[in-house]
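Working notes, beginning with the structure itself.
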Amino acid sequence: MHLTMLYRGPLASCDYACVYCPFAKRRDSTQQLRADRAAVRRFTGWVRNNTQDEVSVLFTPWGEGLVRSWYREAMVTLSRMTHVRRVAIQTNMSCRSAWITDCDLDTAAFWVTYHPTQVTQDRFLRKCEELARIGARFSVGIVGLPEHLDDARHLRKELPDDVYLWVNAAEGHAYTDEQAADWQDIDPLFHHSRHAHVSKGLPCRTGDTVISVLGDGTVRRCHFVPQAIGNLYDGSFRAALRPRPCPLSTCDCHIGYVHLEPTGLYDVFAGGVLERIPAPR
């Protein structure tokens, strides 16, 4: 089978201070960082030894992972495993880029978010130019706050046409049709993010071919349904894998609703579901 895993360890520190993020400028203790490093390496070891499945991995840390050497190490190591189809990470890409050349660039990918209050656009664009020069596969995104609109327009103008610029609807923000149209001009897929998706009772791949994995190996069907369905390291999760409907009333995060079957987003993002890159039209 092909098993997609969304991994989130105990890391909760970030080098940015975005006002819309509860983990902004948070510091992990030395002990917490050591625990996170051990958890990432244990997870990587499990993937290495689990050759019975074809695997894809998306790292979704609460904080910024790539400023930590063990996430860079994991990206390189996993990308070079023959049974790993894709390894991607959500990142602000504030780290250096040279290490990416050690990855298998057919397997590694990057979901890169631009935060206008934390980095100049010129510096961010230079980072995107580096990724393109290296040959890395990546998408770029921004949170759709009103004060970010001009930045997003300029970003779209400056990025290469083949780099997808996605817009996440700001949490708790309602958009008029006129406001939504402005964002839709930047991201033709913004309508998928604008409203939470009604999901209760609908078929979803999570808990079947997609799982969420915590640092201690706890497996949940997804990040947003807290009930555990087993553990990765004792193998108990496998008996729980099966098609099942979503138990929540709505799903408002891309890493959740992209797996809802009725959205059809697996076709929209064919070949790039984890890194949020649409299929060529």
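The values are calculated or read from the model by the stated rules, or taken from the named source; none is laboratory data. What you see is a predicted model; the values in this text were computed from it and never measured. Because the Cβ atoms are built from the backbone with ideal geometry, glycine has one as well, and the counts that use them run over all protein chains shown. These area figures cover heavy atoms from the full protein model, side chains too; ligands, DNA and RNA do not enter into them. Shrake-Rupley method; radii C 1.70, N 1.55, O 1.52, S 1.80 Å.
Overview of results
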read-out	value
Chain lengthening between Ala38 and Asp161 when straightened (0.36 nm per residue, less Cα-Cα)	40.3 nm
Mean Cβ neighbour count within 10 Å, used as a protection proxy, ranking 198-204, 104-110 highest first	104-110, 198-204
Dipole magnitude of region 1-83 about its Cα centre (Cβ charges: Lys, Arg +1; Asp, Glu -1), debye to nearest 20	280
Probe 1.4 Å, accessible area per residue of the chain, Å²	46
Region 90-211, dipole about Cα centre (Lys/Arg Cβ +1, Asp/Glu Cβ -1), debye to the nearest 20	300
Net +/- balance of residues flanking His2 in space, Cβ distance below 15 Å, scoring K and R +1, D and E -1	+1
Relative contact order, percent, region 105-225 [alpha-carbon distance under 8 Å, six or more residues apart]	18
Segments 213-225, 81-93 sorted - mean Cβ within 10 Å per residue, highest first	81-93, 213-225
Dipole moment magnitude, nearest 20 debye, the chain about Cα centre, only Lys, Arg, Asp, Glu C-beta charged	1080
With every protein chain in place, the chain: carbon and sulfur % of accessible area (1.4 Å)	49
Relative packing of peptides 36-47, 143-154 - highest average C-beta neighbours within 10 Å first	36-47, 143-154
Amide hydrogen neighbours beyond the local backbone of Gly141, cut-off 5 Å, H modeled	Val112, Thr113, Tyr114, Trp166
